[in-house]
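Student: The structure under discussion is supplied below as structure tokens; questions concerning it will follow.
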Amino acid sequence: MITTIVNFTPPSAITLEDATDLFEKGADNYRVVPGLIRKYYLLSNDGSTAGGVYLWESKEKADAFYNQEWLQLIEDKYHCKPIISYFQTPVIVDNFADSLIVERPKP
């Protein structure tokens, strides 16, 4: 599995209330994204940075999603370019589901 962290810095700070409204309006679009397991929306305490944490089945699925159309959508919506960081995710502890997920490298 792959985790991506997407950060962007809009030209002016966003309030938590405004961010929640914006994020909620777009959230259903992510329910049908191929290979996306989970997404968390993020907002810094001062509202100057926003973004998301995405858990993907694979890097290929993540790369397919972060295409030019998506990048343009983020830039148009938030008036800034996103920064995407990729991380291997070999172990997940999910206390809500009371589960431990381990993905070992394939030989």
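Student: Please list, short to long, the whole-number percent of alpha-carbon pairs of the chain in consecutive 5 angstrom bins beginning at zero.
Tutor: The calculated distribution, bin by bin, is 2, 11, 20, 24, 19, 13, 8, 3, 1, 0.
Student: Calculate the length of the line joining the C-alpha centroid of segment 41-107 to that of segment 5-20, in whole Å.
Tutor: That distance is 16 Å.
Student: GNM, the chain, Cα, under 10 Å: largest mean-square fluctuation among Gly26, Gly47, Gly35?
Tutor: Gly26
Student: Please compute the contact order of the chain in relative form: average sequence separation of alpha-carbon pairs under 8 Å and at least six residues apart, divided by the residue count, as a percent.
Tutor: 37
Student: Could you sort out which of Lys39/Lys106; Lys39/Lys61; Lys25/Lys59 sit more than 19 Å apart by Cα distance in this structure?
Tutor: Going by Cα-Cα distance, Lys39/Lys106; Lys25/Lys59 fall outside the 19 Å limit.
Student: According to the Cα gyration tensor, what semi-axes, each the square root of 5 times an eigenvalue, does the equivalent ellipsoid of segment 64-107 have, listed from largest to smallest in whole Å?
Tutor: On the way: eigenvalues 203, 46, 15 Å².
So the three semi-axes of segment 64-107 are 32, 15, 9 Å.
Read-outs: derived from the displayed coordinates by stated rules, not from any lab. This is a predicted model, so every value here is computed, not measured.
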